[in-house]
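**Q** Below you'll find the structure I mean.
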Amino acid sequence: MPQALSAVYVHLVFSTKERRPFLRDPEIRDQLHIQLGAISKSLECPPILTGGVEDHVHLLARFGRTITQANWVKELKRISNIWLHVQGWEYADFEWQSGYAAFSVSQSSLERVKHYIAQQEDHHRKIGFQDELRALLRKHELEWDDNYLWE
């Protein structure tokens, strides 16, 4: 086949360092989500939806063919970190956690994951980030060590 075609969807989740609630301001959070989408698009990983709450982000994207997952996440964090630092003095100490969780999403599950990401504020009135992430890890049958999951 002379073409390289790909339809790989990824649900990416990562947190602020120590889950600090830097993203409380809904306007900054919305702008950050737009920035993350633009960064992902520039890396040839078209975003489908970005969401989250004050201490973490969910990004659903069609994964590109020309970048590794580690480089995609590294660039998302690096560029958005720079952007946040210039948004005001209250973001001078902002950092993302070093790790992340990435889950494959089938075409048939895209709408369900989009709904899940869109409902993050309601979702987190009932469950905290740590319990949410543990549930996602269990659902995808990933093993983890709590000593290294939270920083």
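The values are calculated or read from the model by the stated rules, or taken from the named source; none is laboratory data. Since the structure is predicted, the reported quantities are computational estimates derived from the model, not experimental observations. For neighbour counting, all protein chains shown are included, and Cβ atoms are generated from backbone atoms with ideal geometry for every residue, glycine included.
**Q** Among the residues of the stretch 35-52, which ones are of a type outside the set (Asp, Glu) and more than 11 Å from the chain's Cα centre (by Cα)? Steps first, please.
**A** Going through the stretch 35-52, the residues of a type outside the set (Asp, Glu) turn out to be 35-43, 45-52.
Result: Gln35, Ala38, Ile39, Lys41, Ser42, Leu43, Cys45, Pro46, Ile48.
**Q** Filter the stretch 96-135 down to residues that are of a type in the set (S, T, N, Q), part of a loop (DSSP other than H, G, I, E, B) and closer than 19 Å to Phe22 by Cβ, then give me how many there are. Even if it seems obvious, please write down each step before you answer.
**A** Step one: filter the stretch 96-135 for residues of a type in the set (S, T, N, Q), giving 97-98, 104, 106-109, 119-120, 130.
Of the ones still in play, those that are also part of a loop (DSSP other than H, G, I, E, B) are 97-98, 106, 119.
Subset that is closer than 19 Å to Phe22 by Cβ: 97-98.
Selection size over the stretch 96-135: 2.
**Q** Within the stretch 1-24, restricting attention to residues that are among the hydrophobic types (A, V, I, L, M, F, W, C) and within 14 Å of the chain's Cα centre (by Cα), which residue is surrounded by the most Cβ atoms within 10 Å (Cβ to Cβ)? Explain how you work it out, then say what you get.
**A** Of the stretch 1-24, the ones among the hydrophobic types (A, V, I, L, M, F, W, C) are 1, 4-5, 7-8, 10, 12-14, 22-23.
Add one more test, that the residue is within 14 Å of the chain's Cα centre (by Cα), and what stays is 10, 12-14, 23.
Details: Val10: 21, Leu12: 23, Val13: 20, Phe14: 20, Leu23: 21.
Among those that are among the hydrophobic types (A, V, I, L, M, F, W, C) and within 14 Å of the chain's Cα centre (by Cα), it is Leu12.
**Q** Let me ask something additional. May I ask you to list the residues in the stretch 74-89 that are part of a helix (DSSP H, G or I), of a type outside the set (A, V, I, L, M) and without any contact (Cβ under 8 Å) to a residue 60 or more places away in the chain?
**A** If the condition is that a residue be part of a helix (DSSP H, G or I), of a type outside the set (A, V, I, L, M) and without any contact (Cβ under 8 Å) to a residue 60 or more places away in the chain, then Lys74, Glu75, Arg78, Ser80, Asn81, Trp83, His85, Trp89 are the ones that fit.
**Q** Would you mind stating whether Glu27 is more than 12 Å from the chain's Cα centre (by Cα), surrounded by 13 or more Cβ atoms within 10 Å (Cβ to Cβ), farther than 19 Å from Lys114 by Cα and modelled with pLDDT of 95 or more? Steps first, please.
**A** Values: more than 12 Å from the chain's Cα centre (by Cα): yes; surrounded by 13 or more Cβ atoms within 10 Å (Cβ to Cβ): no; farther than 19 Å from Lys114 by Cα: yes; modelled with pLDDT of 95 or more: yes.
Answer is no for this residue.
**Q** State all residues of the stretch 98-140 that are out of contact with any Ser or Thr (no Cβ under 9 Å at 6 or more places or on another chain) and of a type in the set (A, V, I, L, M, F, W, C); if no residue qualifies, say none.
**A** Ala101, Ala102, Phe103, Val105, Leu110, Val113, Ala118, Ile127, Ala135, Leu136, Leu137
**Q** So, one more: Can you go through Lys114, Lys139 and tell me which one is surrounded by fewer than 14 Cβ atoms within 10 Å (Cβ to Cβ), of a type in the set (Lys, Arg) and on the phi < 0 side of the Ramachandran plot?
**A** Working: Lys114 fails: surrounded by fewer than 14 Cβ atoms within 10 Å (Cβ to Cβ).
Result: Lys139 is the single residue among Lys114, Lys139 that is surrounded by fewer than 14 Cβ atoms within 10 Å (Cβ to Cβ), of a type in the set (Lys, Arg) and on the phi < 0 side of the Ramachandran plot.
**Q** Only one of these conditions is not met by Arg138: (1) closer than 16 Å to Val8 by Cα; (2) assigned to a helix (DSSP H, G or I). Which number is it?
**A** Only one criterion in (1) closer than 16 Å to Val8 by Cα; (2) assigned to a helix (DSSP H, G or I) is unmet by Arg138, namely (1).
**Q** Taking Asn71 and the conditions (1) assigned to a helix (DSSP H, G or I); (2) among the polar types (S, T, N, Q); (3) under 27 Å from Gly128 (Cα atoms), which numbered condition does it fall short on, given that it satisfies the others?
**A** (3)
**Q** Next up: I'm trying to understand the selection: among the residues of the stretch 53-75, which are buried (at least 17 other Cβ atoms within 10 Å of the Cβ) and of a type in the set (Lys, Arg)?
**A** Of everything in the stretch 53-75, just one residue is buried (at least 17 other Cβ atoms within 10 Å of the Cβ) and of a type in the set (Lys, Arg), namely Arg62.
**Q** Test each condition in (1) free of Cβ contacts under 8 Å to residues at least 60 places away in the same chain; (2) surrounded by fewer than 20 Cβ atoms within 10 Å (Cβ to Cβ); (3) over 18 Å from Gln119 (Cα atoms) for Ser40 and report the one that comes out false.
**A** Here Ser40 clears every test but (2).
**Q** If you don't mind, there's one more thing I want to ask. Between a first residue in the stretch 46-58 that is polar (S, T, N, Q) and a second residue that is part of a strand (DSSP E or B), which pairs have beta carbons less than 9 Å apart while being 6 or more apart in sequence or on different chains?
**A** Close Cβ pairs satisfying both conditions: Thr50/Val57; Thr50/His58; Thr50/Leu59; Thr50/Leu60; Thr50/Ala61.
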